[in-house]
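First the structure, in the form of structure tokens, and then the observations on it.
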Amino acid sequence: MFQSRDEFLRWLRSIEKKWQSKWREAHLFEANLKPGAPKFYITVPYPYANGPLHIGHGRTYTIGDIVARYKRLRGFNVLYPMAFHITGTPIMAFSEMISRGDQKTISMYREYIKLYVEDEYKVEEILESFKNPLNLAVFFAERIQRDFEELGYSIDWRRKFHTGEPIYHNFVTWQFYKLMDKGLITRGEHIVTYCLLHQQPEGEDDILDADVNPVEIVEFTAVKFKLEDSDVYLLAGTLRPETLLGAVNMWINPQVEYVVFKWRGDKYIVSNEAFLKLKYQYPEEEFIVIKTISGRELLGKYALSPLNQKRLLILPAQFVDPDNATGIVYSEPSDAPYDYVALVELKRNPDLLKEYGIDPSQVTSIEPVKIIDIPGIKGHHAEEVVKNAGIESQNDPRLEEITSEVYKEQFYKGIIRVDDPEFNGLSVRDAREKMKNKLYMQGYAIPFYELNRKAWCRAKGKIIVAKISGQWFINYNLEWLKSKAREIILSNKLIVIPSKYTKQFLDVLDWLDKRPCARKRGIGTKLPWDSEWIIESLSDSTIYMAFYTIAHIIREKGIQPNMLIPEVFDYVFLGQGDVSDVSTKSGIPVSVLEEMRREFMYWYPVDQRHTGIPHISNHLTFYILHHIALFPMEQWPRIISLNETVIREGAKMSKSKGNVIPLRHVTTMYSADLFRLYIAWAAELDSVLDWREAEVLRVLDNIMRFTNITKQAVETACEERGYDIFTRWFMSKFNEIIEKATVMLENMEIRKYIQYVFFDVLTLVDKYRELKGLDYICGVKEILREWITLLNPVIPHLTEEINSWLGSSEFLSVSSWPEVKKPIEEDLVILVDNIDKVISDIREIIALLKKPVNTVYIIIAPEWKREIARLVLSGVQLKMIIEAMKTKFGLKGREIEIVDAFNTYKKMDKADLERIAKTTSKREYEVMLAVTNYLQRKLGVNISIIWEEEARHRSIPRAERALPLKPALYIE
RNA sequence: GCGGGGGUGCCCGAGCUUGGUCAAAGGGGUCGGGCUUAGGACCCGAUGGCGUAGGCCUGCGUGGGUUCAAAUCCCACCCCCCGCACCA
């Protein structure tokens, strides 16, 4: 018997190790082709090997493993493979940062390595090796594999690979040729975040703090305002082109340097910073610098609004940031708080104006023009909020927040009120779109891209927005593709579990468009027709499940990368080409090619793919679409199942909080089976799972209790003997649980399945012990083998161990799922379960009486009362019932009692009536008699079981109130 | 904004798809009892209100509605969480 958690955990870990090595030695989970046997192919996306995985990942892989193990017990030939993803920029970026000596990264990785390596010297050596990204990836891939093995996952490791391997590159190359053939590849312009230091596009992974403070690209409309009496245009950037009609002046920062340049045959002015950005956004065009000027030189001049030729005075403003958009803005003080405040400030400060050579009277006459109606705002919106907030200076930081509030409110509620019929009456939202397009179309404006915040790369290089030309895309916006995807989802040819996520797939299909599929840096496969480009990491991971089916053959037969020419994959995956030609061309023997083809045809399609919710909008949708694009219908995905994320003690796990539990700790600090049971039980798939230490320990206590019970059962010698009433009840209940648990597992309701087979069975055993006494353990022994089989998918190690205690020399993990043993004695189940209700009734009454109690009479209703219930249930009329009762039970003269019973049943729920109908009074009496001792013990009173008729003879009060399943009670 | 999910008893959390068996599973906490030298663990009982006979009343975000009957269905409102891409 285990007493302490520590002792038990140590033991648990030791048997986990033992069984893992036994499974490994037996090659138990290596799935080989068995012609004729039903197969089940389940995959979970391979992990990205840039660091240790945590318990959130563990949830997903554990669920995959539970399904794999369950299907195996159901007699399927199951393939559950795994590989490692190293494509993309993060691994490279981390490796570069380590090379560069970035202390944060170095200490982070040092901690990661220490999870697996104790020797300090070794740790530094490994860290040093990470300067080569491949070493980093391979190190973690190997550790993740070890983590997975230590969690007992039933993976066929022969098929593993990583995405940086040449054989994988060849596979991806083939795939991209195919996509090209099918017309999914296009090329065009693309707007990206771009690092000026590295002179290349850099995404979230490379940008400082982008994970916590996301960087977004926003489109400004840069409006051309012609300087009066010149041929030069000011380019004023705005996010709200619809306010152009309310522009009353221009803002220039006098302290900033501007550039006058020639472009597209015209002359323009923008800030220095903006000029640089412009060149990156129009990379193939010619810009000629004419001169630089100070902002001050422009003050006091007039610019003409392009639509109405209104003269706008150029005024000074400090809030104008040269490094935001074009460094020039127009002023619409009615709606823009900054504009309003700056204007008021200027009016209050004529000296400053004079200093810049501007006549203050010119400014006094500038008034906001109201062009937007907002419910509840009479005057100028900007004025109102600025005054409410008491803001006086354009340098007040609160302006930022106020501005976004005003913008938001106007966007949703604002209506344009202007003379121009084209815009009058439009919502702000519509007007913005319309104005922008109009300005672009008529050549009055150009798009100018800017970031939502200032950003730098990890090496402190400035990030701007640039346009890449010649970007390669995968075009998912093809009707033939999308409609097929919709069709299989809607017709349930592709099943989504839990089904509530089905709609999300359909939604994604609606908005999914072109996706850039290659970048100029990172680890990965080169684009076969344009070797400057490397295929991006989600685009190379869409149909790799096909690769698992042949990966081990490639290794075993020593097939070299150069032999894996596209024709090989055409043959293996699509059955195209003549096998001997392919053999000649590739150098792979015909027999091997045929073997690969057989293997693929046997395992494909993927029966189930399981992963996390966040993959719906990208990977999973690509997975579906690529299969549709490249394979015949028979090979398309069948089931996609999903689970939510994991949090810890109510808080999100994150590196910055330092509350991430790595999988490594599961096997050193907890145990595999404990983890598996907890993580699979603590929440249903579609809800976020909260890892709570206290709960984990409680589950541990239960596993310990379970182990102790089973141990005792194994060690007790039991004789063959007949089943008494309680044992029959126990068996029936257990068989009901088998039935229900099986249904739950088939529906992927894993939490409920575990609730039944673990927690409910434990409770059942307790109850059985109470009823039956010490002898109960023999009943447990009887169901033990089936019980541990039911639990095997979740806690495979412990159940294998118990199975060995039972003297079995076979692996439980490849045995078979228990069948439900009939008959389940439903009447016994109802009657014994009903005892709890009787007990609580008795307790309630005793508590109310507040008197000492000697004896409780439990008075059982006669069979005729049940018969009435049955008749009511089958809809027989009262009259008929009375007649039947009279003849069958001799109840002449007791018609009132019959009517009473009839009325009672009429009011009852159908389910209750059915329970009554399924039992007999004789059985009810027997059961009550059998539990008499139990009741006496439990309630601490004398119990007397007595038939109603007899009780009436003995004039025991209340006897006539007896009903089936609700005996009358009289308390003395 | 668009799309998705959710608000349940002191707390966590089931149930709502297929309305009644739901005062509402299961934990936790709290209270009482057992066991114990004591504590822990474990076991038993109680834990919305009222009631001297198994009952009644109130109740599952707020306000309406449908129904003989609603935590469960419909409508409106309030609040919370997640995703919106080219990134794994």
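The values are calculated or read from the model by the stated rules, or taken from the named source; none is laboratory data. These numbers come from a predicted model, not from an experiment. Heads up, the Cβs are rebuilt from the backbone with ideal geometry, glycines too, and the neighbour counts pull from every protein chain shown. All accessible areas refer to the heavy atoms of the entire protein, side chains included, with ligands and DNA or RNA removed. Shrake-Rupley method; radii C 1.70, N 1.55, O 1.52, S 1.80 Å.
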Checklist entry - Is the shape of the stretch A:691-826 best called rounded, prolate or oblate, per the rule: a/c under 1.5 gives rounded, else a/b larger than b/c gives prolate, else oblate, with a ≥ b ≥ c the square roots of the Cα gyration tensor eigenvalues? => result rounded
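Can you give the Rg to Rh ratio for chain A, taking only C-alpha atoms and Rh from Kirkwood?
Working: Rg = 38.4 Å, Rh = 34.8 Å.
So for chain A, dividing Rg by the Kirkwood Rh gives 1.10.
Considering all projection directions equally, how large on average is the shadow of the alpha-carbon convex hull of the stretch A:283-352, in square nanometres?
So the Cα hull casts an average projection of 6.8 nm².
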Item to check | Furthest towards positive pole of dipole, A:LEU878, A:TYR116, A:VAL78, structure part chain A, Cβ charges | outcome: A:LEU878
Next on the checklist: If each DSSP helix of 4+ residues adds -39,500 (n - 2.57) and the sum is divided by the residues in chain A, what number results at 222 nm, nearest 500 deg cm²/dmol?
Outcome noted: -14500 deg cm²/dmol
Checklist entry - What does the accessible area of A:MET880 come to, in Å² to the nearest 10, when a probe of 1.4 Å is used? => result 130
Checklist outcome for this item: So, over other residues within a Cβ distance under 15 Å of A:GLU960, counting Lys, Arg +1 and Asp, Glu -1, the net charge is +1
Item to check | Within straight-line cross-link reach of A:LYS585, lysines at Cα separation under 22 Å, skipping those fewer than 8 residues along the same chain | outcome: A:LYS178, A:LYS557
Item to check | Acute angle (nearest 10 degrees) that the helix A:55-73 long axis makes with the longest principal axis of chain A, alpha-carbon atoms | outcome: 40
Item to check | Karplus 3J(HN,Hα) series, Hz, for the stretch A:303-313 with 6.51 cos²θ - 1.76 cosθ + 1.60 (x for Gly, Pro) | outcome: 10, 9, 5, x, 7, 10, 6, 5, 7, 10, 6
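Using a 1.4 angstrom probe on heavy atoms only, work out the carbon and sulfur share of the accessible area of chain A in %. Write out the running numbers ahead of the final one.
Numbers: 20760 of 41220 Å².
Of all accessible area on chain A, carbon and sulfur atoms account for 50 percent.
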Checklist entry - Counting Lys +1, Arg +1, Asp -1, Glu -1, what net charge surrounds A:PRO637 among other residues with beta carbon under 10 Å of its beta carbon? => result +2
Checklist entry - What lysines could a cross-link reach from A:LYS657, if we take a straight Cα to Cα line under 30 Å and drop same-chain neighbours fewer than 8 places away? => result A:LYS104, A:LYS114, A:LYS122, A:LYS131, A:LYS454, A:LYS460, A:LYS462
Item to check | For A:HIS54, residues with placed amide H under 5 Å, excluding near neighbours | outcome: A:LEU663
Checklist entry - In whole Å, what is the distance between the alpha-carbon centres of the stretch A:643-661 and the stretch A:434-479? => result 35
Checklist entry - Looking at the stretch A:213-307, which trypsin sites (Lys or Arg not before Pro) are DSSP coil and have at most 15 other C-beta atoms within 10 Å of their C-beta? => result A:ARG264
Checklist entry - For the stretch A:217-451, what is the convex hull volume of its Cα atoms per residue in Å³? => result 120
Checklist entry - Over what distance in Å are the Cα centres of the stretch A:739-776 and the stretch A:718-732 separated? => result 17
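Of the trypsin sites (Lys or Arg not before Pro) in the stretch A:890-972, which ones lie in a loop per DSSP and count no more than 11 other C-beta atoms within 10 Å?
Numbers: sites: A:LYS892, A:ARG894, A:LYS906, A:LYS907, A:LYS910, A:ARG915, A:LYS918, A:LYS922, A:ARG923, A:ARG937, A:LYS938, A:ARG952, A:ARG954, A:ARG958, A:ARG961; in loops: A:LYS892, A:ARG894, A:LYS918, A:ARG954, A:ARG958.
The qualifying sites are A:LYS892, A:ARG954.
Give me the 1.4 Å probe accessible area per residue for the stretch A:691-826, excluding ligands and nucleic acids, in Å².
Ligands and nucleic acids excluded, the figure is 40 Å² per residue.
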Checklist entry - Among the aspartates and glutamates, which fall within straight-line cross-link reach of A:LYS850, defined as a Cα-Cα distance under 20 Å, with same-chain neighbours fewer than 8 residues apart omitted? => result A:ASP841, A:GLU972
Checklist outcome for this item: Output for the stretch A:681-745: GluC sites (Glu not before Pro) sitting in coil per DSSP, at most 12 other Cβ within 10 Å, listed by number, reads A:GLU719, A:GLU720
Next on the checklist: Beyond a 29 Å Cα-Cα separation, which of these cross-linked pairs lie in this structure: A:LYS182/A:LYS520; A:LYS347/A:LYS378; A:LYS262/A:LYS310; A:LYS291/A:LYS408?
Outcome noted: A:LYS291/A:LYS408
Checklist outcome for this item: Inter-part gap, Cα centre of the stretch A:906-947 to Cα centre of the stretch A:133-199, in whole angstrom, is 66
